[in-house]
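Bear in mind these aren't lab numbers, they're just calculated from the coordinates by the rules spelled out. Please read all numbers here as calculations on a predicted model, not as lab measurements. Glycine gets a Cβ as well: all are built from the backbone with ideal geometry, and neighbour counts include every protein chain shown.
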Amino acid sequence: MGYYLADGIYPPYPTFVKTISAPQGNKRKYFAKMQESVRKDVERAFGVLQARFVIVRGPAHFWDIETLKHI
């Protein structure tokens, strides 16, 4: 089972790892800093994918299932 980096807009599911809002101690501060860094990298990568592949930008539920399989 994997974990997903998330921010405060997502519901409190056990698989969502949210940012520590006020980290206490060096370990927690380091974890929060690294988590924010990785999340920012993922958001940038997804932005590049959205710019390059238009299918990712819009809702896919309007597409036919067979068409989505080929994409």
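Run the numbers for GLN50 and ALA32: contour at 0.36 nm per residue of separation, minus the present Cα-Cα distance, in nm.
3.8 nm
At a 10 angstrom cut-off on C-beta neighbours, averaged per residue, how do the peptides 4-10, 24-30 rank from highest to lowest?
Result, highest mean Cβ count within 10 Å first: 4-10, 24-30.
Can you tell me the orientation of helix 26-52 relative to the chain, as the angle in degrees between its alpha-carbon axis and the longest Cα principal axis, to the nearest 10?
Relative to the chain, helix 26-52 is tipped by roughly 20 degrees.
What are the ³J(HN,Hα) couplings of segment 10-21, residue after residue, when phi is run through the Karplus curve with 6.51, -1.76, 1.60 and θ = phi - 60°? Round to Hz, x for glycine and proline.
8, x, x, 8, x, 7, 8, 9, 9, 5, 6, 5
Go ahead and estimate [θ] at 222 nm for the chain from helices alone: -39,500 (n - 2.57) per DSSP H run with n ≥ 4, summed, over the residue count, rounded to 500.
The per-residue figure over the chain is -16500 deg cm²/dmol.
Can you list residues from other chains, or at least 5 along the same chain, whose modelled amide H is less than 5 Å from the amide H of THR19?
Long-range HN contacts for THR19: ALA6.
Need one number: the % of Cα-Cα pairs in the chain sitting beyond the 14 Å mark.
Here the long-distance tail beyond 14 Å is 71 percent of all Cα pairs in the chain.
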